[in-house]
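Chemist: Structure in structure tokens, see below.
Every number here is computed from the coordinates shown, using simple stated rules; none is lab data. This is a predicted model, so every value here is computed, not measured. For neighbour counting, all protein chains shown are included, and Cβ atoms are generated from backbone atoms with ideal geometry for every residue, glycine included.
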Amino acid sequence: MLLKELTEAFGVSGAEHEVRNILKREIQNLAQVRTDALGNLLFEKSGKGKKPKVMLAAHMDEVGLMITSIGKNGWLKFNTVGGIDDRILVSKTVVIGPQKVKGVIGAKAIHLQEPKERQTALKSKNLYIDIGAKDKEDAEKVVKVGDYAVFDSQFECIGDLIKAKALDDRVGCYIITEILKKDYDLTLSGAFTVQEEIGLRGSAVAAYAIEPDVAIVIEGTFAADVPENKEEGYSTTLGKGPAITLMDRTYIADRRLVDRVIQVAERNGIPCQLRRTAFGGTDGGRIHLTKEGIPTIVISVPCRYIHSPAGVASLTDIQNAIALIDALIKDFQERGL
């Protein structure tokens, strides 16, 4: 299953090559593809010349860790890459570097901690990765400073739900590959972007090169439908369809596009919801500001426990996101912008 392969792939910001290779294999017979200087995988599938030119974008990178030093005892110190909650790190398993070395994130044993230490979450600077090395020299045989690490996590189905790391945004990458299997009369261009998690970097370069008339950003976004959180506080809810972003820290939506997407969803009987928070940011924040400005809509799949070893999303939401984007492209094809 492609989504399983994508989510299990190694792809921290700045090291997206494994994900890129999978996607290139999947779409090289569906569209023209090339890799730009920053590492974005750009594609174009020509139609019959109809306008507008539509850009699809999803980012390949995931949050992770970078090794910053190797101690005399062989334990590895690290920094986080992207937004990771320090509270989820302790005791998690990871894989490190090109050799996929296995490791465990460790901390001072609780019975050795001072009472004050036990009352606060451990910071990443107080943690280390144990790879079973005897000493620094032993560790340096398989790991070096600057190597990346990702959570060692496998894809699983749980009824209609799936559990995996990197759903933000391998789910968007998967959706684009499904859309590219369909034929349209307009030109579909786009990018699987790099370095979104550390500043939306790849999308700015990609949008500048593509120069689309309109852009659709496909994302994984956080769901808050969990115990002890009141329903009115839910940002998105699993099972209620793809979520449309109105605003976040990088972007304010064009309400004409938002209204149009909602109308397309209603006409086609596709459930969707509004993303009810302004927290976070997406590639849409860079794309909509490129050159003279690009009308941009962000459509996301809700995901619980995002940026963790085990995000949870709904297969039905994913299928409805594909259906909505397909219907929106057909609407652009028939009615233009």
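Chemist: Calculate the radius of gyration of the Cα atoms of the range 1-88 to one decimal place, then report Dmax, the largest Cα-Cα distance, as a whole number, both in Å.
Modeler: 17.7, 63
Chemist: Obtain the radius of gyration and the Kirkwood radius of the range 143-229 from its C-alpha atoms and give Rg over Rh. Before the final figure, lay out each step's value.
Modeler: Numbers: Rg = 16.7 Å, Rh = 16.1 Å.
In the range 143-229, Rg relative to Rh is 1.04.
Chemist: Then there's this: How far apart, in nm, are the 7 Å Cα→Cβ label points at Asp138 and Cys157?
Modeler: Using points 7 Å along Cα→Cβ, the separation is 4.3 nm.
Chemist: Skipping prolines and chain starts, which residues have an amide H placed within reach, meaning under 5 Å, of the one on Gly190, given they are 5 or more residues away or on another chain?
Modeler: Those lying under 5 Å, H to H, from Gly190 are Phe43, Leu56.
Chemist: If you keep only loop residues by DSSP, which trypsin sites (Lys or Arg not before Pro) in the range 142-207 have at most 15 other Cβ atoms within 10 Å of their Cβ?
Modeler: Details: sites: Lys144, Lys163, Lys165, Arg170, Lys181, Lys182, Arg201; in loops: Lys144, Lys165, Lys181, Lys182.
Loop-located and lightly packed - Lys144, Lys181, Lys182.
Chemist: Ok, one more. Return the subset of Lys53/Lys291; Lys102/Lys123; Lys48/Lys291; Lys77/Lys100 for which the Cα-Cα distance in this structure is over 19 Å, preserving the input order. Display every interim value, and only then the final one.
Modeler: Numbers: Lys53/Lys291 16 Å; Lys102/Lys123 22 Å; Lys48/Lys291 26 Å; Lys77/Lys100 17 Å.
Flagged as over cut-off: Lys102/Lys123; Lys48/Lys291.
Chemist: Another question, then. Quick one: what are the phi-derived ³J(HN,Hα) couplings along the range 126-132, Karplus 6.51/-1.76/1.60 with θ = phi - 60°, whole Hz, x for glycine and proline?
Modeler: These are the phi-based 3J(HN,Hα) values: 9, 9, 8, 10, 9, 10, x Hz.
Chemist: Along each principal axis of its Cα atoms, how long is the chain end to end? Whole angstroms, biggest number first, please.
Modeler: Projected onto its principal axes, the Cα set of the chain covers 66, 45, 38 Å.
Chemist: Can I ask one more? Please check the chain for the longest run free of GluC sites (Glu not before Pro) that are loop-located per DSSP (anything but H, G, I, E, B) and have at most 10 other Cβ atoms within 10 Å. Mind showing how you got there, number by number?
Modeler: Details: sites that count: Glu228, Glu292.
The longest uninterrupted stretch comes out as 1-227.
Chemist: Assuming 0.36 nm per residue, please report the length gained on full extension of the stretch Arg335 to Leu2 beyond their Cα-Cα distance.
Modeler: On the way: separation 333, 0.36 × 333 = 119.88 nm, distance 3.29 nm.
Taking Arg335 through Leu2 to full extension adds about 116.6 nm, to one decimal.
Chemist: Still on this model: Quick one: 3J(HN,Hα) in Hz for the range 159-170, Karplus 6.51/-1.76/1.60 with θ = phi - 60°, rounded, Gly and Pro as x.
Modeler: Here the 3J(HN,Hα) series is x, 7, 9, 10, 10, 6, 7, 6, 4, 8, 9, 5 Hz.
Chemist: Moving on. Would you mind calculating the gained length between Ile88 and Gln28 on full extension (0.36 nm times residue separation, minus the Cα-Cα distance), in nm to one decimal?
Modeler: Values: separation 60, 0.36 × 60 = 21.60 nm, distance 3.75 nm.
Extending this stretch completely gives an extra 17.8 nm.
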